[in-house]
1. Working only within the stretch 292-312, note down all residues that are of a type in the set (S, T, N, Q), part of a loop (DSSP other than H, G, I, E, B) and more than 25 Å from Glu453 (Cα to Cα).
2. Filter the stretch 125-179 for residues that are of a type in the set (Val, Ile, Thr) and either within 23 Å of the chain's Cα centre (by Cα) or part of a loop (DSSP other than H, G, I, E, B) (or both) and give the result.
3. Scan the stretch 148-176 for residues that are surrounded by 14 or more Cβ atoms within 10 Å (Cβ to Cβ), touching a residue at least 40 places away in the same chain (Cβ under 8 Å) and of a type outside the set (Lys, Arg) and report the count.
4. Mind telling me which of the residues Thr330, Thr346, Thr392 ends up being in contact with a Phe, Trp or Tyr (Cβ under 7 Å, 6 or more places away or on another chain), hydroxyl-bearing (Ser, Thr, Tyr) and at pLDDT 95 or above?
5. In the stretch 189-200, what residues are within 21 Å of Asp223 (Cα to Cα) and over 23 Å from the mean Cα position of the chain (by Cα)?
6. Looking only at the stretch 301-312, which residues are within 25 Å of Ala353 (Cβ to Cβ), surrounded by fewer than 21 Cβ atoms within 10 Å (Cβ to Cβ) and out of contact with any helix residue (DSSP H, G or I) (no Cβ under 8 Å at 6 or more places or on another chain)?
7. Can you tell me which residue among Pro249, Pro243 is surrounded by fewer than 17 Cβ atoms within 10 Å (Cβ to Cβ) and not charged (D, E, K, R)?
Amino acid sequence: MTHLNITGMTCDSCAAHVKQALEKVPGVREAIVSYSKGTAQLSVGPETSLAALTAAVAGLGYLATPGGAAISAPGGLLDKMRDLLGRNSNESGDRVGLHVAVIGSGGAAMAAALKAVEQGARVTLIERGTLGGSCVNIGCVPSKIMIRAAHIAHLRRVSPFDGGIQAATPMIDRSVLLAQQQARVDELRRAKYEAILEGNPAITVVRGEARFKDGHTLTVRLDSGDEREVAFDRCLVATGASPVIPTIPGLADTPYWTSTEALVCDAIPARLAVIGSSVVAVELAQAFSRLGSKVTILARNTLFSRDDPAIGAAITAAFLGEGIEVIEYTQASRVAYANGEFALTTGRGEIHAEQLLVAVGRAPNTRGLALQAAGVAVNGGGAIVIDQGMRTGAPAIYAAGDCTDQPQFVYVAAAAGSRAAINMTGGDAVLNLATMPAVVFTDPQVATVGQCEAQARRDGIETDSRTLTLDNVPRALANFDTRGFIKLVVEKSSGRMIGVQAVAPEAGELIQTAALAIRARMTAQELADQLFPYLTMVEGLKLAAQTFNKDVAQLSCCAG
């Protein structure tokens with residue numbers, strides 16, 4: 001009988017899954033797995049290898065190591081396992097004492113640190129700034145709070161029900177809104193980052209800036225000014241990204257905003273110019289407009305020019321309806337600031353504003369890491385190049401999140417960090433982004449998953465598609481808000497769904513259903529045949545699927 005210690009199980013169901021996985025390994029005749037004891041007892045044949053046993057367990061996200069007294073199987077399996085662990089302890093890091101260094105403390109870093117500890121490793125987490133990274137401090141959380149406040153202000157000012165519910169111009173005190181916003185930011189940072197790190201004895205937090213000395217050593221310039229070296233068996237780079245600043249003459253000499261400054265402003269400018277045309281630019285442009293600014297957006301191309309053209313057209317129409325000026329195919333050739341006013345020179349004339357927001361994208365925070373000293377490659381934009389397992393070109397170094405060439409979403413970063421930790425501790429996990437949903441929190445929202453028609457055609461896929469306007473969706477009609485559409489893209493030969501694009505109020509709440517349908521390789525007809533609750537926005541997916549074979553305008557309200 002061979003004994004293993006299993007680390008990471010949290011319930012009896014985990015033990016059942018481990019048992020099933022082990023009994024599928026060639027040569028394993030029986031496996032008895034105990035969650036309460038954290039052990040597995042195996043009856044094995046001589047052909048069973050250590051690699052097969054540990055890989056089977058690691059594939060589920062747990063850690064297996066030899067344990068307890070054991071009578072070796074024929075061929076000396078246990079001796080071979082111990083011998084192999086001993087020989088590889090310096091090279092691969094005996095996982096019982098594996099030391100993982102994590103650079104950063106945002107979504108990818110925290111997910112990796114916690115998963116690595118769960119796998120039995122000890123972690124040194126190095127952070128040069130505020131714990132929690134961009135999302136909770138200067139990104140997702142404060143921006144969505146500000147956007148929600150702006151939405152409430154908008155509803156009080158104007159709604160489809162103003163004929164029966166008297167509208168009123170809201171009195172907006174930005175300083176009070178900011179205090180409420182930042183209190184929630186502080187609360188979440190404390191609960192989800194600081195307190196968790198303080199309460200985990202397997203994680204040591206080092207405050208300072210790290211750079212690579214070589215492929216197994218970091219040099220950290222501590223906040224105190226001293227330096228220390230941190231040797232590691234494995235390292236995860238999760239340093240995030242920062243706003244890109246375009247090289248516009250005069251811009252650097254002005255007090256422009258990036259999203260960081262915009263989210264903590266304590267007053268709403270009367271006039272705001274926005275340079276940018278994608279997620280951050282449009283979200284904040286609409287929020288400031290609804291809180292009282294006269295907003296002008298300068299788009300080098302169109303809004304959301306990398307997506308289906310219908311998306312940019314729909315959001316532009318919505319913005320124009322709210323009084324937001326969108327100037328397409330325009331760039332600022334010079335920026336000046338004098339007497340409290342910005343002046344932007346463009347091919348369409350000069351634009352004046354009290355404040356300027358620059359939101360043209362975010363660049364990976366990889367400078368200063370001395371990645372070349374460790375043999376880690378970056379692409380032309382400075383992003384770390386990784387494979388689906390978050391491995392870099394250096395054997396002991398992994399990377400995840402916005403500092404890599406992955407899509408810049410915190411849920412992608414967290415998933416990548418978790419999988420990187422599994423792989424750093426002996427597993428083989430991958431991150432498949434084929435059905436990654438994305439949401440832009442404008443009103444109406446933009447939500448997408450899978451491929452648009454242009455992307456599919458570039459991949460050689462012949463497509464068919466249908467676009468359902470929201471005046472065909474009962475929920476939208478009941479809301480008296482029919483702005484937007486839902487578009488389904490299918491592979492023409494099979495009818496299988498490969499992409500969904502939606503512009504709709506609360507589109508973010510329906511896109512995960514579309515993602516699951518695509519992940520399940522459903523056809524449009526199979527989606528159309530599903531039951532959807534009546535008077536929900538997600539019912540629009542069913543209606544859009546029905547349009548491949550029916551005229552939904554000729555159906556009764558809830559016809560199946």
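The values are calculated or read from the model by the stated rules, or taken from the named source; none is laboratory data. Remember, predicted model here, so these are calculated numbers, not experimental data. No Cβ is skipped: glycine too gets one built from the backbone with ideal geometry, and neighbour counts run over all protein chains shown.
1. First pass over the stretch 292-312, keeping only residues of a type in the set (S, T, N, Q): 293, 296, 301-302, 305.
Pick out the ones that are also part of a loop (DSSP other than H, G, I, E, B) and you get 293, 301-302, 305.
Matches in the stretch 292-312: Ser293 only.
2. Just the residues of the stretch 125-179 that are of a type in the set (Val, Ile, Thr), to begin with: 126, 130, 136, 138, 141, 145, 147, 152, 158, 165, 169, 172, 176.
If the condition is that a residue be of a type in the set (Val, Ile, Thr) and either within 23 Å of the chain's Cα centre (by Cα) or part of a loop (DSSP other than H, G, I, E, B) (or both), then Ile126, Thr130, Val136, Ile138, Val141, Ile145, Ile147, Val158, Ile165, Thr169, Ile172 are the ones that fit.
3. Summing the residues that are surrounded by 14 or more Cβ atoms within 10 Å (Cβ to Cβ), touching a residue at least 40 places away in the same chain (Cβ under 8 Å) and of a type outside the set (Lys, Arg) in the stretch 148-176 gives 6.
4. Working: Thr330 fails: in contact with a Phe, Trp or Tyr (Cβ under 7 Å, 6 or more places away or on another chain); Thr346 fails: in contact with a Phe, Trp or Tyr (Cβ under 7 Å, 6 or more places away or on another chain).
Checking each option against the conditions leaves just Thr392.
5. Glu198
6. Of everything in the stretch 301-312, just one residue is within 25 Å of Ala353 (Cβ to Cβ), surrounded by fewer than 21 Cβ atoms within 10 Å (Cβ to Cβ) and out of contact with any helix residue (DSSP H, G or I) (no Cβ under 8 Å at 6 or more places or on another chain), namely Asn301.
7. Working: Pro243 fails: surrounded by fewer than 17 Cβ atoms within 10 Å (Cβ to Cβ).
Sole residue among the options that is surrounded by fewer than 17 Cβ atoms within 10 Å (Cβ to Cβ) and not charged (D, E, K, R): Pro249.
Per-residue answers, yes or no, for (1) under 30 Å from Val376 (Cα atoms); (2) within 25 Å of the chain's Cα centre (by Cα):
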position	(1), (2)
Ala202	yes, no
Glu229	yes, no
Arg234	yes, yes
Pro246	yes, yes
Glu261	no, yes
Val274	no, yes
Val280	yes, yes
